[in-house]
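The values are calculated or read from the model by the stated rules, or taken from the named source; none is laboratory data. Bear in mind the structure is a predicted one, so any value in this text is a computation, not a measurement. With ideal geometry, Cβ positions are generated from the backbone for all residues, glycine too; neighbour counts draw on all protein chains shown.
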Amino acid sequence: MSNVELWESGELGTTEAHAQVSTGSKQEVDDALGLQLISIRLQKQLVNDLKKIAEYHGVGYQPMIRDLLNRFARSEIKQIICQRLNEIESSEKTVSESSTAPVKEFLEKMRA
């Protein structure tokens, strides 16, 4: 059996003899992952519900909440961008129609 197979099967690296205390600080880990510690107050029932949902899916509740917030933020940003694009396109259409009025009149006179 190769070392890779031994690691993947758990025969290597799963005992305390192979464990070492990390020399890096929590701040270094957070910085490397782009994480920022925040404090937020939520209703107890909401936290309990989120914990139950996370348990059902077999994940930790804090990573699940982080994922939930990431998805919400991306969705909201997309909606804001789409709304803003529609506003810009609408204003461009209005400007375009009003700026072609003399051309429209000129063409009508030429055809007459």
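Some values worked out for this structure:
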item: Matching residues in region 53-69 - criterion: being outside any helix (DSSP H, G or I) and surrounded by 11 or more Cβ atoms within 10 Å (Cβ to Cβ); result: Val59, Gly60
item: Tally, over region 17-33, of residues that are modelled with pLDDT of 80 or more and not polar (S, T, N, Q); result: 7
item: Residue selected from region 13-41 under the condition of a type in the set (A, V, I, L, M) and surrounded by 10 or more Cβ atoms within 10 Å (Cβ to Cβ), by the criterion farthest from Leu68 (Cα to Cα); result: Val29
item: Residues of region 1-12 satisfying the condition of being of a type outside the set (S, T, N, Q) and surrounded by 10 or more Cβ atoms within 10 Å (Cβ to Cβ); result: Glu5, Leu6, Trp7, Glu8, Glu11, Leu12
item: Residue pairs meeting the criteria (Cβ under 6 Å; at least 6 apart or on separate chains; first part of a loop (DSSP other than H, G, I, E, B) and modelled with pLDDT under 95, in region 34-52; second hydrophobic (A, V, I, L, M, F, W, C) and surrounded by 10 or more Cβ atoms within 10 Å (Cβ to Cβ)); result: none
